[in-house]
Amino acid sequence: MWEYLRGEIMSNTHSNVAKSSESAPILTVVLVGIAAGFLSGMFGVGGGILIVPGLVLVAKMDQRIAHGTSLAAVLPISAASLVSYWSHDHVDVRVGLCLAAGALVGAVLGTKLLNILPHRVLAIAFAGILLVTAIRLFLPIESGTRGVLTVGSIIALIAIGVATGILAGLLGVGGGIIMVPATMMLLHLPAAMAKGTSVLVIIPTSLMGTYRNRTKKNVDLRAAATVGLSGIPSAIVGGWISARMSDTVSNVLFASLLVVVAIRLVLQIRSDDKAGIVH
């Protein structure tokens, strides 16, 4: 089975599907899935920050195909993370539904704005926002519990969801990077609940994105299955660890993750500039 998957991942099955090297080991692709799963479980993010560069560097995939494949791979990983968080009662369904409603609308808007807004300026601005957010997470944050959702908080959640969907569509960043700190700082959700709720939202948005990528032949489903299934056990372990982690430690680790994402965005901009790619 693994040899079959390896052959499918590394072959050129379609002119628009992943272009891969002849000798990229399936073990390395599996390790990418394991690492992404742990990241998802630990931080409530999709794991695309590892999956995309892993597929590009290891499987030699086209960047566009790697993004589409990553989005599909996130589905089983996020589902496993959700089970872990749900078992500890760290998912707020009401908050998740509001975020998901906004995110689905934002994803459509992001696609439409992709060729209108200046990608480079957006990426630099977003990297700056991530760094400011990281600094804020290093400071104490008041944590609350589930409460009654007011009209104001519902509007705020939908707005966060819309922003998440737009930025994810424009910059290829996972929604959890935005939703987790936003719900912690604006709604004072405990860290574990913010992560669990984020994972809940990632599932429907990934489903919609995967469907759209599939229709445009921008996804390698066999590669996605390999990465996604490999990440299920580690996602459960990551969620288990996160549930037992203090908010202070969790915030510091998440802030470090935001710094890494911001640096990656800046490096990608520099790489595009050197390659003469204009956005």
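Given the condition within 19 Å of VAL93 (Cα to Cα) and small (Gly, Ala, Ser), answer yes or no: does some residue in the range 251-262 qualify? Before the answer, list the steps.
Kept after step one, since they are within 19 Å of VAL93 (Cα to Cα), are these residues of the range 251-262: none.
The answer is no, given that none of the residues of the range 251-262 is within 19 Å of VAL93 (Cα to Cα) and small (Gly, Ala, Ser).
For the range 251-265, the tally of residues that are hydrophobic (A, V, I, L, M, F, W, C) and at pLDDT below 85 stands at 2.
Rundown of residues vs (1) part of a helix (DSSP H, G or I); (2) among the β-branched types (Val, Ile, Thr); (3) modelled with pLDDT of 90 or more, yes/no style:
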site	(1), (2), (3)
TYR211	yes, no, no
LYS217	no, no, no
LEU229	yes, no, yes
GLY238	yes, no, yes
VAL249	yes, yes, no
LEU267	yes, no, no
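Look at the range 241-260: where a residue is of a type in the set (Lys, Arg), no partner that is modelled with pLDDT under 85 and loosely packed, with under 14 Cβ neighbours inside 10 Å sits 6+ places away or on another chain with Cβ atoms under 8 Å.
The values are calculated or read from the model by the stated rules, or taken from the named source; none is laboratory data. Bear in mind the structure is a predicted one, so any value in this text is a computation, not a measurement. FYI the Cβ positions are ideal-geometry reconstructions off the backbone, even for glycines, and counts take in every protein chain you see.
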